[in-house]
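Encoded as structure tokens, the structure appears first; notes follow it.
The values are calculated or read from the model by the stated rules, or taken from the named source; none is laboratory data. Note that the structure is a prediction, hence the values are computed from the model and not measured. Every residue, glycine as well, gets a Cβ built from its backbone with ideal geometry; the counts of neighbours run over all protein chains shown. Note: accessible area is taken over every heavy atom of the protein model, side chains too, but ligands, DNA and RNA are not part of it. Shrake-Rupley method; radii C 1.70, N 1.55, O 1.52, S 1.80 Å.
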Amino acid sequence: MGIAKEEDPKERKNHQDDVEVMEMKVAKFSRGKAANLANLRDKKLKGQLTGKEKLIGLSAKAAAQAEKWFLPIEGGYLEPDEDLEKTYRYQQPDVVQNVDLLSSRKPFDMILPVLGPYTLEYTSNGRYMIVGGRKGHIAMMDMLNMDLIKEFQVRETVRDVAFLHNEQLFAVAQKKYPYIYNRHGTEIHCLKEHGKSLKLQFLDKQFLLASINSFGQLHYQDMSTGEMIANYRTGLGRTDVMRVNPYNAVIGLGHAGGKVTMWKPTSVKPLVTMLCHNGPVTAVAFDKGGHLMATAGVDRKIKIWDLRKYEVVHSYAARAQSLDFSQKGLLAGSNGSLVEIYRDCGGQDYKIYMKHRMVKGYQVGKVLFRPYEDICGIGHSMGLSSILVPGSGEANFDTFVENPVETAKQRREREVHALLNKLPPETIMLNPNAIGSLRRPKKKEKKTKKEIEEEIEDVVEAAKNTRVKKKTKGRSKPSKRATKKEEVVLRAKRPLLDQYKEIEGQPDKKQRVGEKTELPKALQRFAKKTQS
């Protein structure tokens with residue numbers, strides 16, 4: 001006989017909590033209340049409905065279990081305790097005091113007053129950050145361990161920085177040309193064909209580096225082969241507002257006339273031209289799903305656009321020098337020394353979620369959310385800052401897509417897979433779901449003479465092979481059967497013959513002069529007059 005052990009009260013409480021959580025998840029995936037089958041008299045129907053109810057319950061439990069396994073971490077937001085309480089009144093010290101130890105170490109303020117203002121960029125997995133100072137300071141950091149990987153001075157004006165397919169290579173838009181460097185700070189390439197670039201964007205699925213220069217020229221260059229794919233003049237003047245739509249890899253440009261244009265490398269003209277503001281566009285941002293676009297202009301308005309209908313969903317009276325959407329749909333905007341975070345309250349109605357005011361005199365140049373972390377990076381005139389924004393990052397990552405803790409071997413394998421799965425520039429389009437579907441034939445598309453002749457031959461062969469039924473005596477003579485076969489062949493050929501004659505320019509019947517046809521003035525007196 002074994003000795004019965006007393007159950008630990010903490011374990012019992014944890015077990016009860018797990019059971020309650022599972023019950024809540026099962027209720028989340030259930031399809032409403034079960035049907036009341038007690039009063040049902042039909043036994044067969046009652047048994048069928050009972051089996052279906054049992055299957056619905058099992059599917060809800062399986063979905064709850066799968067969510068527990070595959071989505072172990074739940075994202076959270078700042079939630080007010082009362083209706084009158086506002087989340088934007090909470091300052092960063094209040095947020096840092098109420099988070100875990102690891103999260104409390106992530107916000108920082110790096111004061112670099114000499115070489116600013118600064119711009120920044122994260123890798124797609126959110127682990128590495130590269131910063132560029134206007135006066136030539138370049139630095140690369142490992143944000144997971146908070147280590148400085150490389151820091152160097154290019155002794156030239158730096159306008160923008162962008163990572164390529166991973167942290168091994170990055171592009172810097174300098175005074176005259178963009179340059180490619182590796183993680184050790186060694187110069188790899190000088191891209192002279194791009195000219196004096198103002199903004200850089202990298203399309204990771206197509207391995208294309210896009211840049212817009214001071215003359216309003218948009219360049220696309222393949223980073224795997226070095227080939228220049230496209231070079232287009234926008235025709236709308238100088239601009240430094242450029243963002244890539246993560247859904248379809250279409251480049252969005254904001255112009256001084258208040259227009260936003262969308263481009264792809266295989267089109268000389270823009271795919272879409274939208275008049276968004278009454279003055280110059282200062283910032284453009286695209287949602288992760290690709291259906292929402294946020295724009296800001298000098299007219300002191302921030303507008304949310306639905307790109308499925310190209311209509312304004314909401315417009316807010318606010319200014320913004322930089323905009324960015326997070327993975328969970330939060331929108332960050334910078335205005336002077338103030339950073340505002342907006343949250344969707346349903347129906348694309350964005351309300352202020354958080355506010356962060358920098359030290360007086362700091363001018364925020366760029367705001368950017370860090371992927372897979374509740375962090376928003378800020379590049380300003382006096383250095384760099386990082387603030388906590390609860391609920392901004394994706395809580396659960398898929399290692400087949402992005403892995404923030406990948407090893408060197410995994411990085412090499414992912415690089416090889418990315419090159420093998422590289423998409424051609426022709427796949428960039430407004431609706432990427434059209435790839436793989438069949439093109440519908442045009443209604444006015446006429447068949448060629450050769451195609452009609454082949455169809456006539458096929459129809460004649462099929463008509464000749466049709467068997468004629470044997471009928472009563474005297475009605476199935478060989479002559480009558482041959483006549484019937486000829487009639488079948490003519491009946492099958494007739495519609496195709498009409499098409500053939502139209503192509504030949506010999507219509508079967510002359511076109512009648514109807515009432516709607518207008519005759520020349522000299523012939524109008526000979527036209528028949530209609531009786532009124």
> Which one of these does residue 116 not meet: (1) farther than 30 Å from residue 388 by Cβ; (2) touching a Gly at 6+ places or on another chain (Cβ under 8 Å); (3) modelled with pLDDT under 95; (4) not charged (D, E, K, R)?
Replying inline: (1)
> When residues of segment 207-221 are filtered for being under 16 Å from residue 262 (Cβ atoms) and not hydrophobic (A, V, I, L, M, F, W, C), how many remain?
Replying inline: 2
> Taking segment 362-407 as the region of interest, how many residues are hydroxyl-bearing (Ser, Thr, Tyr) and open to solvent by 20 Å² or more (accessible area, probe 1.4 Å)?
Replying inline: 5
> If you go through segment 227-252, how many residues are among the β-branched types (Val, Ile, Thr) and assigned to a strand (DSSP E or B)?
Replying inline: 4
> Within the bounds of segment 217-237, is there any residue that is touching a helix residue (DSSP H, G or I) at 6+ places or on another chain (Cβ under 9 Å) and within 20 Å of residue 379 (Cβ to Cβ)?
Replying inline: no
> Across segment 352-361, what is the number of residues that are open to solvent by less than 40 Å² (accessible area, probe 1.4 Å) and part of a loop (DSSP other than H, G, I, E, B)?
Replying inline: 1
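Residue-wise test of (1) of a type outside the set (Ser, Thr, Tyr); (2) out of contact with any Asp or Glu (no Cβ under 6 Å at 6 or more places or on another chain); (3) modelled with pLDDT under 95.
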| residue | (1), (2), (3) |
| --- | --- |
| 144 | yes, yes, yes |
| 147 | yes, yes, yes |
| 155 | yes, yes, yes |
| 169 | yes, yes, no |
| 187 | yes, yes, no |
| 211 | no, yes, no |
| 224 | no, yes, yes |
| 235 | yes, yes, yes |
>> Pairs needed: first member in segment 231-248, farther than 24 Å from residue 432 by Cβ and in contact (Cβ under 8 Å) with a residue 40 or more places away in the chain; second member anywhere, open to solvent by less than 70 Å² (accessible area, probe 1.4 Å) and part of a loop (DSSP other than H, G, I, E, B); C-beta distance under 8 Å; at least 6 residues apart or different chains.
In response: 238/214; 238/216; 238/256; 239/216; 239/255; 239/256; 240/159
> Can you pull out the residues in segment 192-219 that are over 19 Å from the mean Cα position of the chain (by Cα) and part of a strand (DSSP E or B)?
Replying inline: 197, 198, 199, 211, 212, 213, 217, 218, 219
> residue 223: touching a Gly at 6+ places or on another chain (Cβ under 8 Å), under 25 Å from residue 124 (Cα atoms) and of a type outside the set (Ser, Thr, Tyr), yes or no?
Replying inline: no
>> Tell me yes or no: at least one residue of segment 429-449 is modelled with pLDDT of 75 or more and touching a strand residue (DSSP E or B) at 6+ places or on another chain (Cβ under 8 Å).
In response: yes
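Per-residue answers, yes or no, for (1) among the acidic types (Asp, Glu); (2) in contact (Cβ under 8 Å) with a residue 40 or more places away in the chain; (3) touching a Cys at 6+ places or on another chain (Cβ under 9 Å); (4) open to solvent by less than 10 Å² (accessible area, probe 1.4 Å):
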residue: 163; (1), (2), (3), (4): no, yes, no, no
residue: 173; (1), (2), (3), (4): no, no, no, yes
residue: 190; (1), (2), (3), (4): no, no, no, no
residue: 200; (1), (2), (3), (4): no, yes, no, yes
residue: 208; (1), (2), (3), (4): no, yes, no, yes
>> Suppose we keep only residues that are closer than 17 Å to residue 305 by Cα and in a loop (DSSP other than H, G, I, E, B) within segment 253-271. Which one would you say is most open to solvent (accessible area, probe 1.4 Å)?
In response: 271
> Quick check: is even one residue across segment 135-148 in contact with a Pro (Cβ under 6 Å, 6 or more places away or on another chain), at negative phi and of a type in the set (Gly, Ala, Ser)?
Replying inline: no
>> So residue 158 passes all but one of these: (1) under 22 Å from residue 423 (Cα atoms); (2) over 18 Å from the mean Cα position of the chain (by Cα). Which condition number does it fail?
In response: (1)
>> For segment 272-342, give me every one of the strands (runs of 3 or more DSSP E) that falls completely inside it and has 1 or more residues that are open to solvent by less than 10 Å² (accessible area, probe 1.4 Å) and in contact (Cβ under 8 Å) with a residue 12 or more places away in the chain.
In response: 281-286, 292-297, 301-306, 322-325, 331-335
> Which residue pairs have Cβ atoms closer than 7 Å, lie 6 or more positions apart in sequence or on different chains, and pair a first residue in segment 63-85 that is within 19 Å of residue 373 (Cα to Cα) with a second residue that is surrounded by 10 or more Cβ atoms within 10 Å (Cβ to Cβ) and basic (Lys, Arg)?
Replying inline: 75/328
>> Please count how many residues of segment 85-140 are surrounded by 21 or more Cβ atoms within 10 Å (Cβ to Cβ), farther than 19 Å from residue 341 by Cα and hydrophobic (A, V, I, L, M, F, W, C).
In response: 6
>> Take the conditions within 29 Å of residue 411 (Cα to Cα), open to solvent by 60 Å² or more (accessible area, probe 1.4 Å) and out of contact with any strand residue (DSSP E or B) (no Cβ under 7 Å at 6 or more places or on another chain) and apply them to residue 68. Does it pass?
In response: yes
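Does segment 130-173 hold any residues that are more than 25 Å from residue 222 (Cβ to Cβ), part of a strand (DSSP E or B) and touching a Leu at 6+ places or on another chain (Cβ under 7 Å), and which are they?
Filtering segment 130-173 down to residues more than 25 Å from residue 222 (Cβ to Cβ) leaves 131, 133-137, 139, 141-153, 155-157.
Filter once more, keeping what is part of a strand (DSSP E or B): 131, 133, 137, 139, 141-142, 147-153.
Across segment 130-173, the qualifying residues are 131, 133, 137, 139, 141.
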> With (1) crowded, with 18+ Cβ neighbours inside 10 Å; (2) touching a helix residue (DSSP H, G or I) at 6+ places or on another chain (Cβ under 7 Å) as the list, and residue 435 as the residue in question, which single condition is left unmet?
Replying inline: (1)
